[in-house]
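Structure, as structure tokens:
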Amino acid sequence: VNNDNQILVIFGASGDLTARKLIPAIYNLYKKKYLPEKYAIVGVGRSAYDNDTFRKKAVFENEHLKKNGDDSLDEFAQLVHYHSMDTSDAEDYKKLAERLYSIDGYHGTNCNAIFYLSVPPSLYSVIPKHLASVGLNKETNGWTRVIIEKPFGYDLESARALNKSLLEDYHENQIYRIDHYLGKETVQNLLVTRFSNSIFEPLWNRNYIHRVEITSAESVGVEKRGGYYDGSGAMRDMVQNHLLQLIGLVAMEPPVKSDAHNIRNEKLKVFQSLRPMTKDDIRNDVVRGQYLASTIKGESVKGYREEEGVNPESRTETFVALKFFIDNWRWAGVPFYIRSGKKLPTRVSEVVIHFKPNHHHLFMNQTEVNAQNMLVIRIQPDEGILIKFGMKVPGAGFKVKNVNMDFQYSELTDAYVPDAYERLLLDCMQGDATLYARGDSVEAAWEFIDPILKAWKEDPTIPIYGYPAGTWGPENVDDLIEGKNMAWRYPC
Ligand code: BG6
């Protein structure tokens, strides 16, 4: 790995994401010798820590760092610095700039810097503006990149405004909009499955595919994030970003090359081809729900409206399922289904490709049992790929049974599967934005979602259904999938 020397500046250094994901990711890169020769991390926050206090908190006492008894922690901690400031105070940025120049001089990081915004969304345009006002956006001596956490915008209008504000001071190639789903190995493998095998891609279109289903289920509820979640909901929290990104990879045309420009161009075209939902579509093809108090394995579980930080009369959805179409040559007429929710029976994310049945059924019981082949790409957990196909039951006649052919990542005992943040941070260090969302495609994804959110807000007659915690969402979600013997896949 060939990286430029550089500084990583983390805004929101005392936050949960820094301890849980960012510092462990950098530490793993350090252990694998993926960091450049000269490297520094500067945590920025309001707390009045000094370097030592921050090192203790972020490194030595960080329960998320997987230390395996090695002695590299001391050396690693020396790369970590802390800078206390008020991110809303313009004056403080001058001091930040001085501090960075001094660390740069000391560590020899060639004025290359990544600014990671792990802060509330209200600061996503404020911090970059202030950085620019003291010249920290300039690429005169080295390069500058800004990583922005999700959610990128609250709706189409705010996403556009945020893009506009960022582009006043930065070039698109300096802006890295993170979507951690794109850092997952299994998500990247969607591209390899499609474009490095000759057996899937010829079938990957309306002629052979009956429907595509994407599920992202979580068994947890909103935990301690009720305050944030109540202003967001499943559509903004999961669908607009993570799940549409998956759709982009599943549905895109083969890119000319596997680089950021070409892959992101193809993804954009998918988002631009999403058929806009009419008022009737929103009413008929989108189901939203909210979990209710229930008993799971003998334990009583709170309903969403009883959760801390949640309005007791909240109409925020904790579950959403939708059916939609991609109006282009490849996918004309193929329904796509997305389903995501909290407090469902299990944690699972998967993409399921349902192939069309044979035109003519030759064998006994074929229609009921296995009229369809299925390819299941398991994103998490039990990461892997499964193909379901019909096989003759041994014995008399031609009885057909559905069987599995599967590959599990856990079989790759010699391969290290990095955490999504590790991969994404390394890519940003190297200036590779392939796995980050581009501004135009974030806006295109919002264009599709925005009318649904508006209709929900403006039309109180669109129902929100309750579902008992621990079940697969509102009962009528099954009605979205039409056709004999057709249903959602219910993985266990
Ligand atoms: C986050 C959402 O982006 O993704 C959370 O804000 C959700 O609500 C999480 O739980 C799911 O991520 P993962 O990697 O556990 O599937």
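The values are calculated or read from the model by the stated rules, or taken from the named source; none is laboratory data. Just so it is clear, the model here is predicted, and its values are computed rather than measured. A quick note on method: Cβ atoms are made from the backbone with ideal geometry, for glycine too, and the neighbour counts reach across all protein chains shown.
List of remarks:
- Residues (buried (at least 19 other Cβ atoms within 10 Å of the Cβ), farther than 14 Å from Ile10 by Cα and among the small types (Gly, Ala, Ser)) located in the range 101-131: Ser125
- When Tyr101 is tested against the conditions (1) of a type in the set (Ser, Thr, Tyr); (2) part of a loop (DSSP other than H, G, I, E, B); (3) without any contact (Cβ under 8 Å) to a residue 24 or more places away in the chain, the lone failure is (2).
- Residue in the range 401-423 that is farthest from Asn28 (Cα to Cα), counting only those that are touching a residue at least 60 places away in the same chain (Cβ under 8 Å) and in contact with an Asp or Glu (Cβ under 9 Å, 6 or more places away or on another chain): Tyr409
- Tabulated pairs, the range 235-249, first modelled with pLDDT of 95 or more, second among the basic types (Lys, Arg) and more than 11 Å from the ligand (Cβ to nearest atom), C-beta under 6 angstrom, 6+ apart or interchain: Gly248/Lys267
- Taking helices (runs of 4 or more DSSP H) as the structural unit, those lying wholly within the range 2-88 and holding at least 1 residues that are out of contact with any His (no Cβ under 8 Å at 6 or more places or on another chain) and modelled with pLDDT under 90 correspond to 72-77.
- Residue within the range 427-435 that is buried (at least 17 other Cβ atoms within 10 Å of the Cβ), within 15 Å of the ligand (Cβ to nearest atom), modelled with pLDDT of 90 or more and within 30 Å of Asp259 (Cβ to Cβ) present: yes
- Among the residues listed as Leu412, Leu453, the single one being surrounded by fewer than 20 Cβ atoms within 10 Å (Cβ to Cβ), among the aliphatic types (A, V, I, L, M) and closer than 30 Å to Phe152 by Cα: Leu453
- The test for being loosely packed, with under 14 Cβ neighbours inside 10 Å, under 24 Å from Lys184 (Cβ atoms) and of a type in the set (Gly, Ala, Ser) holds for Ser258.
- For Glu307, the conditions (1) touching a Phe, Trp or Tyr at 6+ places or on another chain (Cβ under 8 Å); (2) closer than 30 Å to Glu458 by Cβ are fulfilled apart from (1).
- Criterion (within 26 Å of Lys150 (Cα to Cα) and away from the ligand (no atom under 16 Å from the Cβ)) met by exactly one of Ile263, Ile178: Ile263
- Scanning the range 56-111 for residues that are among the hydroxyl-bearing types (Ser, Thr, Tyr), touching a helix residue (DSSP H, G or I) at 6+ places or on another chain (Cβ under 8 Å) and over 28 Å from Leu123 (Cα atoms) gives a single hit, Ser72.
- Residue count for the range 200-258, restricted to those that are more than 16 Å from the ligand (Cβ to nearest atom), among the small types (Gly, Ala, Ser) and touching a Lys or Arg at 6+ places or on another chain (Cβ under 9 Å): 2.
- Strands (runs of 3 or more DSSP E) within the range 296-347 that include 2 or more residues within 16 Å of the ligand (Cβ to nearest atom) and in contact with a strand residue (DSSP E or B) (Cβ under 8 Å, 6 or more places away or on another chain): 319-325, 335-341
- Close pairs from the range 25-38: first within 18 Å of Asp4 (Cβ to Cβ), partner of a type in the set (A, V, I, L, M, F, W, C) and part of a loop (DSSP other than H, G, I, E, B), Cβ under 6 Å, at least 6 apart: Leu29/Leu35; Tyr34/Val1
- Within the span defined as the range 215-224, one or more residues are surrounded by 15 or more Cβ atoms within 10 Å (Cβ to Cβ), touching a Phe, Trp or Tyr at 6+ places or on another chain (Cβ under 8 Å) and among the polar types (S, T, N, Q).
- So Leu131, is it part of a helix (DSSP H, G or I), out of contact with any Lys or Arg (no Cβ under 8 Å at 6 or more places or on another chain) and of a type outside the set (Val, Ile, Thr): yes
Here is a yes/no grid of residues against (1) among the hydrophobic types (A, V, I, L, M, F, W, C); (2) more than 24 Å from the chain's Cα centre (by Cα):
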{"position": "Asn402", "(1), (2)": "no, yes"}
{"position": "Leu424", "(1), (2)": "yes, no"}
{"position": "Asp427", "(1), (2)": "no, no"}
{"position": "Gly466", "(1), (2)": "no, yes"}
{"position": "Asp479", "(1), (2)": "no, yes"}
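- Inspection of the range 157-171 finds a residue satisfying the criterion of being within 20 Å of Leu100 (Cα to Cα) and either part of a loop (DSSP other than H, G, I, E, B) or of a type in the set (A, V, I, L, M, F, W, C) (or both).
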